[in-house]
Amino acid sequence: MAKKAGASESPEESSEARLVGGVTQSDEERFDRIFRPGSLDDFVGQEKHKDNLRVYVAAARKRKEPLDHILLSGPPGLGKTTLANILAKEMGVKLFVTSGPAIEHKGVLTGILTRLERGDILFIDEIHRLNPAVEEFLYPAIEDFRIDVATGDGAFAESITLDLRPFTLVGATTRTGLLTKPLQERFGVSIRLDFYPPEELERIIERSALLLGLDCDREGARMLASRARGTPRVANRLVRRVRDFAEVKGSGKMDAHIVEMTCERLGVDKSGLDEMDRRLLGILIEHYEGGPVGVETLAAALAEPRDTIEDVYEPYLLQQGFLGRTPRGRIATRRAYEHLGLDYRGERGDTRQGNLF
Ligand code: ADP
């Protein structure tokens, strides 16, 4: 049902390589299809947002109108693409999928927009990465369903207005802060997805285990949920790895023992942090005395793009209180020192904090 218009490398993709090195994209896509909930009822958690979306869908269907434009934001792997798919299904329309960096120029966007039927959904992932000329070109398309297309060259250049069939734009972003105000304001609905609490992840894990035909007990699911970084995508990947270990090293069942063994092998610790998280905190503490240190410096020290640090690693470390943000950069918190078994050198941090104001 979904049509892909262009592809691109995103910070999410590098995070994929991270937990399960060597897994090909097609493998990831195959399992995505198995795990992806097909309706709002199947989509676990995020109850408040789901309730609202049900109302918007019912109202639009009743009025026989397209859905209003929707902005979905939040860290990678929390269900933005899944929700776009579900909305298309619930509205009974087609979904076109693309991403900010894939729309290189206005021509690409014109090609996509003119193919949309009335009510179709255009999903633009990483919408904050649209180039400014394309973004401006998008404004009249989403506001009045028309675009101005240039024809001819030089003295013969002309601009003609094309009417589009009313459609719905669903934009997804990991960073609302990078979205321009005019673009943000053009979305009638804005939904921010947060990390999932362990109870919801537990339900996602049980559901995924069932879909894979993997027997799983409560304790195993609960333990895995506490290690999945509040993120369904991570939970699903871990389920697949647990299945491997359960089949080869265990009795074929996902229990606490197998979960523990799998996580240990993958370097995922009790707080759900993996090697990269611990490296980030370790560098911050050992090379920069706990900070504050700018994100560029951290990125260089870790040999990772800045976007990856900000989109993939930091949100969970911040949410869990391992990392703090100050106007002068990132700092390691007491919890980070304790987690790595290091002495907390808090005084210096406190003094620095004091000097800031
Ligand atoms: P995003 O677009 O935010 O990066 P995705 O929509 O691709 O995230 O979700 C990643 C994976 O997690 C998919 O396989 C999806 O099926 C699963 N998933 C995400 N949210 C949920 C949810 N609420 N319930 C069940 N599975 C989910």
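What follows is calculated from the coordinates using simple rules that are stated; it is not laboratory data. Since we're looking at a predicted model, the values are computed, not measured. Here the Cβ positions follow ideal geometry from the backbone for every residue, glycine too, while neighbour counts run over all protein chains shown.
Here are the numbers for this structure:
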{"quantity": "Computed over segment 198-266: relative contact order in percent, which uses C-alpha pairs under 8 Å that are six or more apart", "calculated": "36"}
{"quantity": "Charge dipole (the chain, unit charges on Cβ, about Cα centre) - positive-most of Gly38, Pro132, Tyr344", "calculated": "Gly38"}
{"quantity": "Residue with peak Gaussian network fluctuation, the chain [Cα springs, cutoff 10 Å], from Lys249, Lys94, Lys80", "calculated": "Lys249"}
{"quantity": "Nearest-ten-degree value, helix 346-356 long axis tilted from longest Cα axis of the chain", "calculated": "40"}
{"quantity": "Under 5 Å, built H, 5+ apart or other chain: amide partners of Thr333", "calculated": "Leu323, Gly324"}
{"quantity": "Calculated Rg and Dmax of segment 11-192 using C-alpha coordinates, Å", "calculated": "17.4, 58"}
{"quantity": "Interchain or long-range residues, amide H under 5 Å from Met254's placed H", "calculated": "Asp215, Cys216, Asp217"}
{"quantity": "Shape category assigned to the chain from the gyration tensor of Cα positions, a/c cut at 1.5", "calculated": "oblate"}
{"quantity": "Antiparallel DSSP beta bridges within the chain, percent to nearest 5", "calculated": "35"}
{"quantity": "Globularity index of segment 198-266, i.e. its alpha-carbon radius of gyration over 2.2 N^0.38 Å", "calculated": "0.92"}
{"quantity": "Ranked list, fewest to most other Cβ atoms within 10 Å of each Cβ, for Glu296, Glu202", "calculated": "Glu296, Glu202"}
{"quantity": "Residue order, fewest to most surrounding Cβ atoms within 10 angstrom, among Thr110, Thr180", "calculated": "Thr180, Thr110"}
{"quantity": "Extension reserve of the Lys181-Glu29 stretch, reckoned as 0.36 nm per residue once the Cα distance is removed", "calculated": "51.4 nm"}
{"quantity": "Nearest-ten-degree value, helix 25-35 long axis tilted from longest Cα axis of the chain", "calculated": "90"}
{"quantity": "Integer Hz, Karplus 6.51/-1.76/1.60 couplings in order for segment 315-329, x for Gly and Pro", "calculated": "x, 6, 5, 5, 4, 8, x, 8, 10, x, 10, 10, x, 9, x"}
{"quantity": "Rounded to whole Hz, the Karplus (6.51, -1.76, 1.60) HN-Hα couplings of segment 54-68, x for glycine and proline", "calculated": "4, 5, 4, 5, 4, 5, 5, 5, 4, 7, 6, 10, x, 5, 5"}
{"quantity": "Relative exposure of Val189, Val312, judged by other C-beta atoms within 10 Å (fewest first)", "calculated": "Val189, Val312"}
{"quantity": "Inter-site label distance for Met261 and Ala303 at 7 Å from Cα along Cβ, in nm", "calculated": "3.3"}
{"quantity": "Theoretical gain in end-to-end length, Arg118 to Arg146 [0.36 nm per residue, Cα-Cα removed]", "calculated": "8.8 nm"}
{"quantity": "Relative contact order (%) - the chain, alpha-carbon pairs under 8 angstrom, separation at least six", "calculated": "16"}
{"quantity": "Length added when fully stretched, Ala133-Arg61, from 0.36 nm per residue minus Cα-Cα", "calculated": "22.6 nm"}
{"quantity": "Relative contact order of segment 11-192, pairs being alpha-carbon contacts under 8 Å that are 6 or more residues apart, as %", "calculated": "27"}
{"quantity": "Note, ³J(HN,Hα) from phi for segment 249-259, Karplus 6.51, -1.76, 1.60, rounded to Hz, x at Gly and Pro", "calculated": "10, x, 9, x, 10, 8, 10, 4, 4, 5, 4"}
{"quantity": "Helix-only mean residue ellipticity at 222 nm for the chain, each DSSP H run of n ≥ 4 adding -39500 (n - 2.57), per residue, nearest 500", "calculated": "-14500 deg cm²/dmol"}
{"quantity": "Mean projected area (nm²) of the alpha-carbon convex hull when segment 275-339 is viewed from all directions", "calculated": "3.8"}
